[in-house]
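A quick write-up on the structure given underneath.
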Amino acid sequence: MSFSDWISQPVNWVFLGLALAVLAAGFRVVTSQNVVHAALFLVATLAGVAGLFVLLSAEFVAWVLVLVYIGAVVVLFLFGIMITRAPTGQDVGLDNRRARPVAAVVSLGLFGVLSWTSVRAFQDTAVAGVGERTPTDILGEALLGRFVFPFEVVGFVLLAALIGGITLARRDLTPKEEEERGAV
Amino acid sequence: MQIDWLAIAPEIVVAVTILGVLAADLVLPRPLKYWTATLAVVGLTLAVVPLILMAASSVETRSLFEGSYVVDDFALVLKGLFLIAGYLVVLMSVSYIESDRYYQGEYYLLLLSSVLGSLVIASARDLIVLFIGVELTTGPLFMLAGWRKGDIRSNEASLKFFILGVLSTAILLWGMAMLYGVSGEVRFDQIRSALADPSPAAQPLVGLAILFVLVGFAFKVSAVPFHFWAPDTYEGAPTPVTAYLSVSSKAAGFVALFVTVYVALRDRVDIWGPGLWALAALSMTIGNLAALRQSNIVRLLAYSSIAQAGFMLVPFAAASVAGEQLAEGLAATVVYLVIYALMNLGAFAVVIQGARRTGTGDIDGWAGLGRIDPRLGVLAAVFFFSLAGIPPLAGWFAKFVMFRAAIAAGSAAATSLAVIAAINAVIALYYYARVAKVVWFDEAPAGAEPATEPPAASLALTLGIAAVATVVVGVFPAVFAVFGEATRVLLASG
């Protein structure tokens, strides 16, 4: 397919716009010198990726991305930054300026290799199921049928992360404080 | 949907134990917190019962969830290993964790979660199940490595392990995503048939996917050149956690790697075979050379475990570069893995007790330990000589199986790997024997009294079990070869 054919389809304009937005926002995430700005650019990146999923007719994944990643994970980042005594202002060391040449070489190299192999492997193959709706009941049945075992195991991953995280993050009482509160 | 409950009974027992530990930790007063360890031990023991029932039953292979979870003899042997290793680590943790103001209930909860993850890995025949299993195995360990919150080295251990662990997980997941993309399947047998005859255009992507998966797992098993997190993490983490890291989590990483490459990617052995060869040769050589220069006993064991990982890979890597007798190579590797687990756990139990006796982790500080505490000195000699592969201790049988398989593979590349392994076995003897020499032949510092107080009962039990296993397997290896046979029969059909 030639580029003029490709660009003549309106859906590809949407794709191009989203992809460039994701790229620009992603670039700012790693170059921003303010950690709050970086987190906000991450929101833009994730929202753009959610848009790409909508283009692929994967609305469920798109909304999971919006609800879980933008709605919960990034908000937790921001809470974490604000509640702890981490610096919120400009931090010149944050973008690791000295490592930029190495980072550029590694990421451009990786991009070249990955895009070359992927384009070569898939070429013009259409993604199956684009344009169809994904009924959520099928997803639900798969999660609680064939995939019920990993689904339950994920519960234990989260439990372990929760308990371990709390244990490591909480401030230990000094022996004196402990005595005052009574041994528990 | 029919579920074979017996097949997932070990996982269910461990899961219920985890919840039991959590509940017990809430209600127990501090002086009785050690009951959580008792609960963990009981749970791990009960989980072995369904394994024995399955091993005795006539059903060869139990396949669940449309073939994504398979319990066969291979899985049974490894689940047994993971449960026993978890059991020994809990035992050696009791006095260590109790002696300081650690969070005991949470500690055992995280340890059991990691054991549960490794049980899942042993049966996973599906990318999704395997990945979740790997996550559950390593996730709790990031936190356990930093369990000594007040110690800066423990914080460093945890942080290094976490950052590199997450990076390796990302690479692994990327590789898995590419495998899924190119084959359109997540189940290993379906991936295998989908990749049997890929279009030439897809070849580079398949190669890249296999490379990413290999690198991801190489981080998990700390194979050279992806090992640099291991020594610092091992040194900073609480010693029982280090023992667990160097045995169970390493074994789980190996099992995940073997299952993936053997079941899903067996036809592409031309791509991953040389990769395994390089990992094995580099791990043995660099691990051993670095171990020679260590003065701290835990760092010595860290590098020794990197080198042992190389030895472990030798039979399977030799078979894969030769392109034949893969099942035999894998069986030999599993035998090595199981023996290594037992003797290395014993060595770490010695380190815990030795550090308590001498108050130092420096090897030179252990001078004359054999006279201060003769029983501990004997055990130190047993485990370290076994790691070196001296008959009649279990380690010699592991090395014997390894060389036999590598030479049987036959090709020039396989034989050269066996030669590299032989040179390294000699180098390794030097630093293992040095520990025994310091313990027995160096003069004890002036004023050292013969030890009178016995070690904690739980630690003594760990030492006893590991020592008996090391000696019995060394003297009657036939007992043990049965397990290797089980692995071979099963995987040959798979």
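Once both labels are positioned 7 Å from their Cα atoms along Cα-to-Cβ, the gap between residue B:5 and residue A:5 label points is 5.9 nm.
In deg cm²/dmol, rounded to 500, what helix-only [θ] at 222 nm does chain A give when every DSSP H run of at least 4 residues adds -39500 (n - 2.57) and the total is split over its residues?
Result for chain A, helices only: -21500 deg cm²/dmol.
Note that the range B:218-235 has calculated 3J(HN,Hα) couplings of 4, 4, 5, 9, 6, 8, 5, x, 10, 10, 5, 6, 4, x, 5, 5, 4, 6 Hz, one per residue in order, obtained from phi through the Karplus relation 6.51 cos²θ - 1.76 cosθ + 1.60 (θ = phi - 60°); glycine and proline are x. Across the range B:329-343, computed HN-Hα scalar couplings (Karplus, 6.51 cos²θ - 1.76 cosθ + 1.60, θ = phi - 60°) run x, 5, 4, 5, 4, 5, 4, 4, 4, 5, 5, 4, 4, 5, 6 Hz from first to last residue, x flagging Gly and Pro.
Would you mind checking the tilt of helix B:269-292 against the longest principal axis of the Cα atoms of chain B, expressed as 0 to 90 degrees and rounded to 10? In chain B, helix B:269-292 runs at an angle near 10 degrees to the longest axis. Cβ crowding within 10 Å, taken as a proxy for footprinting-reagent exposure, orders B:188, A:3, A:77, B:385 from fewest neighbours to most as A:3, A:77, B:385, B:188. Calculate, in whole percent, how much of the Cα-Cα pair population of the range B:150-301 lies beyond 22 Å. Looking at the range B:150-301, the distances longer than 22 Å represent 45 percent of pairs.
Partner lysines whose Cα lies under 18 Å from the Cα of residue B:160, excluding those fewer than 8 positions away in the same chain, are identified as B:149, B:220, B:250.
Among B:366-373, B:280-287, how do they line up by average Cβ neighbours within 10 Å per residue, starting with the highest?
For the peptides B:366-373, B:280-287, the packing ranking is B:280-287, B:366-373.
Translational diffusion of chain A, estimated by Stokes-Einstein from the Kirkwood radius over alpha carbon pairs at 20 °C in a medium of 1.002 mPa s, is 102 µm² per second.
Within the range A:34-133, which trypsin sites (Lys or Arg not before Pro) sit in a loop by DSSP and count at most 14 neighbouring Cβ atoms inside 10 Å?
Within the range A:34-133, the qualifying trypsin sites (Lys or Arg not before Pro) (loop, at most 14 other Cβ atoms within 10 Å) are A:85, A:133.
Helix check for chain A. Which DSSP H runs span at least 27 Å along their own axis by Cα, with a mean Kyte-Doolittle hydropathy no less than 1.0? Counting only whole DSSP H runs, the qualifying helices are A:10-31, A:35-55, A:100-122, A:148-169.
Mean residue ellipticity, 222 nm, helices only, chain B: the sum of -39500 (n - 2.57) across DSSP H runs of n ≥ 4, divided by residue count and rounded to 500, is -25500 deg cm²/dmol. Over the range B:269-494, the hull volume per residue, using the convex hull of the C-alpha atoms, is 108 Å³. Per residue, the Cα convex hull of the protein assembly as shown amounts to 177 Å³.
Remark on chain B: hydrodynamic radius 22.6 angstrom, per the Kirkwood mean of 1/r across alpha carbon pairs.
Pop the C-beta distance of residue A:67 and residue A:139 into the FRET formula with R0 = 22 Å and round what comes out to the nearest 0.05.
In this case the efficiency is close to 0.90.
Computed 3J(HN,Hα) for the range B:171-178, one whole-Hz value per residue from the Karplus formula 6.51 cos²θ - 1.76 cosθ + 1.60 where θ = phi - 60°, is 5, 4, 5, 4, x, 5, 5, 5, glycine and proline marked x.
Taking the three principal axes of the alpha carbon atoms in the range B:1-83, the coordinate ranges are 47, 26, 16 Å, sorted in descending order. Loop-located chymotrypsin sites (Phe, Trp or Tyr not before Pro) in the range B:2-70 (DSSP state other than H, G, I, E, B) with a sparse environment of at most 15 neighbouring Cβ atoms within 10 Å: B:5. A straight line joining the Cα centroids of the range B:379-418 and the range A:116-178 runs 41 Å.
The distance separating the Cα centre of the range B:274-288 from that of the range B:198-232 comes to 14 Å. Summarising the amide proton neighbourhood of residue B:125: residues at separation of 5 or more, or on other chains, whose placed amide H is nearer than 5 Å comprise B:69, B:70.
Using the Cβ-Cβ distance between residue A:55 and residue A:162 with R0 set to 30 Å, the FRET efficiency from 1/(1 + (r/R0)^6) comes to roughly 0.30.
Read-outs: derived from the displayed coordinates by stated rules, not from any lab. Everything numeric in this text was worked out from a predicted model, so none of it was measured. Neighbour counts run over all protein chains shown; Cβ positions are idealised from the backbone, glycine included.
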